[in-house]
Amino acid sequence: MRRGAFLTIEGLEGAGKSSSIATISKVLKNKMIPYISTREPGGTELGEHVRDILLATSQEPMQPMTELLLMFASRAEHISRVINPHINSGDWVVCDRFIDSSFAYQGGGRGLNLSTIQDLERLSLPKTRPDHIFILDIPVEEGLKRAESRGERDRFEQEDIIFFERARKVFLDRSHGNPIYTVIDASNSEQQVQADIREHLETFIEHFKKTI
Ligand code: TYD
C-alpha cells in the first residue's frame with residue numbers, strides 16, 4: 001500500500017489558515033486524493049480536552065514547560081491514533097498546525113530552549129515528520145488585526161506583539177534553505193494567497209507521486 005502524504009499548515013493568528021486549508025481540501029478532492037483534515041492541539045478526544053485547557057484564559061498563569069508538555073501530550077495521541085494510521089492506509093493528512101508551532105510559540109514566544117523541544121521531538125515522534133509544510137507569513141500587527149475581528153481572544157491571542165514577533169522569526173528561520181517548507185506571503189490579496197497555495201500544492205503532488 002502506498003502511504004499518504006502528511007501536510008501541515010502553520011502561521012500566526014490571523015494569517016488565514018482556515019481559507020488555505022479549504023483550498024488544499026478542494027485541490028485534493030478534485031484530484032480524487034483521499035484525505036483527512038485535522039488540527040493541533042486537538043484531533044483526538046483526549047487532544048481536544050487538552051486543547052481546551054491550553055486555550056482557556058485563567059487567573060493562574062501556566063508554566064511554559066507545562067504548556068510545551070501538554071502540546072506534546074496532545075501530539076503523541078494524535079500521531080499514534082490519527083496521523084500514522086491514516087498515512088499508512090494511504091490517506092493524506094492535512095493538519096492545521098504541528099511541531100513548527102511548538103518551536104515558534106513555546107520556543108520563540110515563551111523563550112524555551114529550542115534544543116529541549118528537539119529532544120521532545122525525538123522522544124515522542126521518532127519518525128512522523130511532515131512531507132510538506134506551508135507557512136502563511138504575515139506581519140504580526142496585520143495578523144492580529146484580522147484575528148481581533150473574530151471575537152473573544154484565547155490565551156495565546158492575548159499575548160503581546162513581541163511574543164508573536166519572536167514566533168514569526170522562528171517559523172521563518174526553520175524554513176530557510178529547507179525545501180520541505182513553502183512560505184506564502186499571506187499579506188497578499190486572498191485571491192493571490194489561494195492561487196499561490198494551489199500552485200505549490202500541485203507541484204508537491206506531482207513530486208510526491210514520483211517519490212513514493
Ligand atoms: P489555532 O487552532 O490556530 O487557534 P485559532 O483557531 O484560534 O486560530 O491554534 C491554537 C493556538 O495554539 C494558537 O495560538 C497556537 C498555539 N499552539 C502552540 O502554542 N504550540 C503548538 O505546538 C500548537 C500546535 C499550537
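Here, each number is a calculation from the coordinates, and none is a lab measurement. Note that this is a predicted model, so its numbers are computed, not measured. Cβ sites come from the backbone with ideal geometry, for glycine too, and all protein chains shown count toward neighbours.
For the peptides 176-187, 148-159, 44-55, the ranking by mean Cβ contacts within 10 Å, running from highest to lowest, is 44-55, 176-187, 148-159.
Between Lys26 and Met65, how high is the FRET efficiency from 1/(1 + (r/R0)^6) when r is the Cβ-Cβ distance and R₀ = 45 Å? Nearest 0.05.
Values: r = 39 Å, r/R0 = 0.88.
According to the calculation, E is roughly 0.70.
Quick check: residue separation of Ser189 and Lys210 times 0.36 nm, minus the Cα distance between them. What number comes out in nm?
Details: separation 21, 0.36 × 21 = 7.56 nm, distance 3.24 nm.
So the chain would gain 4.3 nm between Ser189 and Lys210.
Each label point was placed 7 Å from the Cα along the Cα-to-Cβ direction; for Ser18 and Leu123 their separation is 3.5 nm.
Working from Cα pairs under 8 Å separated by at least six residues, relative contact order for the stretch 92-212 is 35 percent. Full extension of the segment from Glu157 to Ala56, taken as 0.36 nm per residue of separation minus the current Cα-Cα distance, would add 35.3 nm.
As a quick test, which of the pairs Lys17/Lys209; Lys31/Lys169; Lys145/Lys209; Lys26/Lys169 have an alpha carbon distance above 32 angstrom in this structure?
Details: Lys17/Lys209 25 Å; Lys31/Lys169 34 Å; Lys145/Lys209 39 Å; Lys26/Lys169 30 Å.
Pairs exceeding the cut-off: Lys31/Lys169; Lys145/Lys209.
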